[in-house]
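Report on one structure; see the data block that follows.
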Amino acid sequence: MIVDMYTYLANRGVEAIDPAHALPVADMLRLLHESIGLVPWLGSETGHGPEKPLGNAYYQLTQKGLTRELGFVGYYGEVLDWVAQIYDATRMPGQKGDPLVLGQLRKISRARAVFRYPMLDADGNRAMRAETIAGWRDSHYPGDITYAERPSWEASALFAPALTLDTQPVGPVQQMEADNQLFATLQESMKNGGFRITAGLLGVPEQVALLKAQPASRKRLPMSPGQPDFVWADEEDGVAAIKNGPDILYVSLY
């Protein structure tokens, strides 16, 4: 995702400066689509076409919207931030981006909403956290305070919700605000410092204004207290999530 996104952006720069030497936009979009699981990933480009190290039918994401790995990845492989940046890369100023990328971003947002569970923050306040125990390469417990999107080096917790304006991420953003965790999350991100953090937070004022302007949503994270019983599974990643009243069970079958 990272390599293909920056290749796409570099090609847009060439297109602006010397269009005759730019690669066709359709070819560059195909690389982005491969990287986020819309079409099969065919590997590196060679002088004889794609190398196809995994054949013609390997997808980088599962059909349910999780990253395709050796099981469920609770934190490191969430990729909402990178797919949001890929969608943003396809936009011209003031215009919408590639609709297929936007659709995939929405699918990932809905899948990841399943893996937020209620747990108090360090000060004993109500919060939702990212599930990490069932993640095959997650190294810390509990997971970070996370609602619609986990904050990362490149993006705030509002980046993907502000791009999609889908009911699934917008409702949890309003839930995060109601729990008084919105600005606490931003404050936590700012502790890390560095250029990548600063760049990822530049859009926060506009994101906050846009999301606050949305109508009230009744949508809440499915594992939130008071939500209906719920079962979800991703067979390709071997992970299941079950809510039965106040009891929550995450199972990694790999």
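Selection over segment 150-172 of residues that are over 16 Å from R116 (Cβ atoms) and assigned to a helix (DSSP H, G or I) gives a count of 4.
All of (1) farther than 30 Å from P172 by Cα; (2) in contact with a strand residue (DSSP E or B) (Cβ under 7 Å, 6 or more places away or on another chain) hold for E45 with one exception: (2). Restricting segment 234-254 to residues that are without any contact (Cβ under 8 Å) to a residue 24 or more places away in the chain and outside any loop (DSSP other than H, G, I, E, B) leaves a set whose member that is surrounded by the fewest Cβ atoms within 10 Å (Cβ to Cβ) is D247. Scanning segment 173-232 for residues that are assigned to a loop (DSSP other than H, G, I, E, B), charged (D, E, K, R) and open to solvent by 80 Å² or more (accessible area, probe 1.4 Å) gives K191, R218, K219, D229.
Does A148 qualify as being hydrophobic (A, V, I, L, M, F, W, C), within 17 Å of Q227 (Cα to Cα) and either at pLDDT below 90 or surrounded by fewer than 23 Cβ atoms within 10 Å (Cβ to Cβ) (or both)? Spelling it out, it is not the case that A148 is hydrophobic (A, V, I, L, M, F, W, C), within 17 Å of Q227 (Cα to Cα) and either at pLDDT below 90 or surrounded by fewer than 23 Cβ atoms within 10 Å (Cβ to Cβ) (or both). Could you please let me know if A10 is open to solvent by 20 Å² or more (accessible area, probe 1.4 Å), hydrophobic (A, V, I, L, M, F, W, C) and over 29 Å from S156 (Cα atoms)? Answer is no for this residue. Taken over segment 77-120, the criterion of being in a loop (DSSP other than H, G, I, E, B), closer than 23 Å to A134 by Cα and either open to solvent by less than 10 Å² (accessible area, probe 1.4 Å) or out of contact with any strand residue (DSSP E or B) (no Cβ under 7 Å at 6 or more places or on another chain) (or both) is satisfied by G77, E78, V114, F115, L120.
Across segment 33-76, the qualifying residues are those that are out of contact with any helix residue (DSSP H, G or I) (no Cβ under 9 Å at 6 or more places or on another chain), open to solvent by less than 30 Å² (accessible area, probe 1.4 Å) and touching a residue at least 60 places away in the same chain (Cβ under 8 Å), and the one among them that is farthest from R112 (Cα to Cα) is G71.
The values are calculated or read from the model by the stated rules, or taken from the named source; none is laboratory data. These numbers come from a predicted model, not from an experiment. Reconstructed Cβ throughout: ideal geometry from the backbone, glycine too, with neighbour counts over all protein chains shown. Surface areas here come from the heavy atoms of the whole protein model, side chains and all, with no ligands, DNA or RNA. Shrake-Rupley method; radii C 1.70, N 1.55, O 1.52, S 1.80 Å.
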